[in-house]
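The values are calculated or read from the model by the stated rules, or taken from the named source; none is laboratory data. This one's a predicted model, so the numbers in the text were calculated from it and none came from an experiment. Please note: Cβ atoms are built from the backbone with ideal geometry, for glycine as well, and neighbour counts cover all protein chains shown. These area figures cover heavy atoms from the full protein model, side chains too; ligands, DNA and RNA do not enter into them. Shrake-Rupley method; radii C 1.70, N 1.55, O 1.52, S 1.80 Å.
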Amino acid sequence: MDQRIIDLYDRFTHGQIGRRDFMDRLITLAGSVAAAGAMLPLLSNDYARAAVVAEDDVRLDISTASFLSGGKNVSGYLVRARRIDAKRPAVLVIHENRGLNPHIKDITRRLALEGYLAFGIDLLSVDGGTPADEDKARDMIAALDRPATLARAVDAVAFLARHEASTGSVGAVGFCWGGGMVNLLAEASPQLKAGVAYYGAQPPLDKVPDIKAALLLQYGGLDTRINEGIPAYEEALKKAGKDYTIYVYEGANHAFNNDVNPTRYDPKAAALAWSRTGAFLAKHLGAPPPVET
């Protein structure tokens, strides 16, 4: 697909242009209304595509868990492998600007099968939870109070640190909007030991000296919207003496890890980034116990 169309859709989904402007430009690039209509399903997530780890995988214990933050109940998708008596490191999974959707739940299950106590937080749960309509979810994400939302993520780290199945070592993995939240959380949470930000927006540079967690920052080479912030962020991290690693996957788009979106998914980049994520988390949180197959 034309890279200009992918970039246009990114701008639309991140609120930089409105729906009418997006459709007008898409029709121009596609050449007709019919062609633009045919492209829309290719740009959107297709949750009918098979999950990597099935929802009913017998190796997993899956539940809804919640904690209080600012007097409000925040819930999420808590997953752990069965038949492990030992405590395990915990990983907070932070969703994109579409909320806690089936893809993010699948990511959470994958981490659980690697031996982690994995929690896919729903940061829309205080407003009724992630809706099935992705446009509505994006609007709800855009309307969130950022300080309060970050405080909920900080409290989620604390919730995982004290969980009975946790060793107390907590990391976070976030994607797109969630990747940006990981960058903010690394400064805001005193308990976060490691953060993995997939194509996330960089935090305010004046906050960088306060970052406590080790960071793994992963970007798609074609993601010019996000990547323009890399040099200044890296310079600030280096100047502040922070523990960080940056990888840019050439030829990969924003959301290259999203395997339910065939237009963006890059299997090679996703596999390499995931292997690096696993090694990074094990290094900074401690190796999780093995999972019986």
May I ask which residue of ALA151, ALA287, LEU78 lies farthest towards the positive end of the charge dipole of the chain, with charges of +1 (Lys, Arg) and -1 (Asp, Glu) on Cβ and the Cα centre as origin? ALA287
Could you state the accessible area per residue of the stretch 162-293 in Å², with a 1.4 Å probe and every protein chain left in place? 40 Å²
With +1 assigned to the C-beta of every Lys and Arg and -1 to the C-beta of every Asp and Glu, and no other charges, what is the dipole magnitude of the stretch 103-220 about the Cα centre in debye, to the nearest 20? 340 debye
Measuring with a 1.4 Å probe in the full set of protein chains, what accessible area per residue, in whole Å², belongs to the stretch 92-140? 26 Å²
Of the candidates THR28, THR277, THR263, which one comes out as most mobile in a Gaussian network treatment of the chain with C-alpha springs shorter than 10 Å? THR28
Can you find, among TYR249, ALA236, LEU272, the residue farthest towards the positive end of the dipole of the stretch 230-293? Put +1 on the C-beta of Lys and Arg, -1 on that of Asp and Glu. ALA236
Could you state the per residue volume, in Å³, of the convex hull enclosing the Cα atoms of the chain? 123 Å³
Helix-only estimate, please: 222 nm mean residue ellipticity of the chain, summing -39500 (n - 2.57) across DSSP H runs of length 4 or more and dividing by its residues, to the nearest 500. -12000 deg cm²/dmol
Count, lysine Cα pairs under 18 Å in the stretch 141-293, 8 or more residues apart or across chains: 12
Can you give the three extents of the C-alpha atoms in the stretch 221-293 along their principal axes, from longest to shortest, in whole Å? 44, 37, 14
Debye, to nearest 20: dipole size of the chain, +1 on Lys, Arg Cβ, -1 on Asp, Glu Cβ: 580 debye
Cα-centred dipole magnitude for the stretch 223-293, charges only on beta-carbon of K, R (+1) and D, E (-1), debye, nearest 20: 160 debye
Taking GluC sites (Glu not before Pro) as exposed when DSSP calls them loop (any state but H, G, I, E, B) and at most 15 other Cβ atoms lie within 10 Å, what is the longest stretch of the chain free of them, the sites themselves excluded? 56-163
Picking from ALA54, TYR219, THR64, whose Cα lies most toward the positive end of the charge dipole for the chain (charges on Cβ: Lys, Arg +1; Asp, Glu -1)? THR64
For LEU60, the residues 5 or more places away or on another chain with a placed amide H closer than 5 Å to its own amide H are ARG82
Express as a percent, rounded to the nearest 5, the fraction of DSSP beta bridges in the chain (both residues included) that run antiparallel. 35 percent
Mind pulling the angle between the C-alpha long axis of helix 177-188 and the longest principal axis of the chain? Nearest 10 degrees, somewhere in 0 to 90. 40 degrees
For the chain, set up a Gaussian network in which alpha carbons nearer than 10 Å are linked by springs, and say which option among LEU217, LEU205, LEU124 fluctuates the most. LEU205
For the stretch 205-245, which whole percent of the accessible surface, found with a 1.4 angstrom probe, sits on carbon and sulfur atoms? 50 percent
Where is the GNM fluctuation largest for the chain (alpha-carbon springs, 10 angstrom cutoff): THR130, THR167, THR245? THR245
I need the trypsin sites (Lys or Arg not before Pro) found in the stretch 108-183, filtered to DSSP loop residues with at most 16 other beta carbons within 10 Å of theirs. ARG162
